[in-house]
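Data first, discussion second: the structure below is written as C-alpha cells.
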Amino acid sequence: MNNQAVSKGTAKKAILYCRSVAGDRAELQSQSEVLTEYTKANGLSAMRTILESGKMDALTYSNLRLQAKYREFEVLLVPELDVLGNSPIEITHEVNFLTENGVKVISLKDGELNVETLPIIFRKGFRLVKKSFVRAY
C-alpha cells in the first residue's frame, strides 16, 4: 500500500480505531493486530488503540474528536471506513472534521479517506442492477 505517512526524522503519532458491531473480541483483536503491523511497516508511532463493541460510543469518539482538534495525533488508522459511521453522510462528516483538523485518515481496506476519495469509494459500494420491464396486457 502506498499510503506511507512518515515525516522527516520523527514518526507521526497515530491512533488505531477498531470496532465490532457484533462485539466479537476475536474480530477486534484481529483488527488491532493488522493495524499495529501497518504502523510498524510505515514508521508510525501508535499512541493508543481503541477497541469498541457495538455502535460508536459517544464518549470515546468525542474524546477522539477533541484530541484531533488539539492536534494530539496526526493519523487515524481504521480497518475500513464503516468504522467511522453508519451511513455515507455520517462517515463523510467525520472524515471532513478529522481532515480539517490536520488528521490523515487511513483505511486499510480503502486507502486514504478524504472528501475527494470518499465519493469514489461510496460508488464502488453500490451496484446498479439493470431491470427489464415487461408490460402485462
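You will find that of 49, 60, the residue that is assigned to a helix (DSSP H, G or I), without any contact (Cβ under 8 Å) to a residue 60 or more places away in the chain, open to solvent by 10 Å² or more (accessible area, probe 1.4 Å) and under 25 Å from residue 23 (Cα atoms) is 60 and no other. Restricting region 8-27 to residues that are surrounded by fewer than 20 Cβ atoms within 10 Å (Cβ to Cβ) and touching a Leu at 6+ places or on another chain (Cβ under 7 Å) leaves a set whose member that is farthest from residue 108 (Cα to Cα) is 11.
The values are calculated or read from the model by the stated rules, or taken from the named source; none is laboratory data. What you see is a predicted model, and the numbers here were worked out from it, not measured in a lab. Backbone-built Cβ (ideal geometry, glycine too); neighbour counts: all protein chains shown. Please note that ligands, DNA and RNA were not included when accessible areas were found on the heavy atoms of the full protein model with its side chains. Shrake-Rupley method; radii C 1.70, N 1.55, O 1.52, S 1.80 Å.
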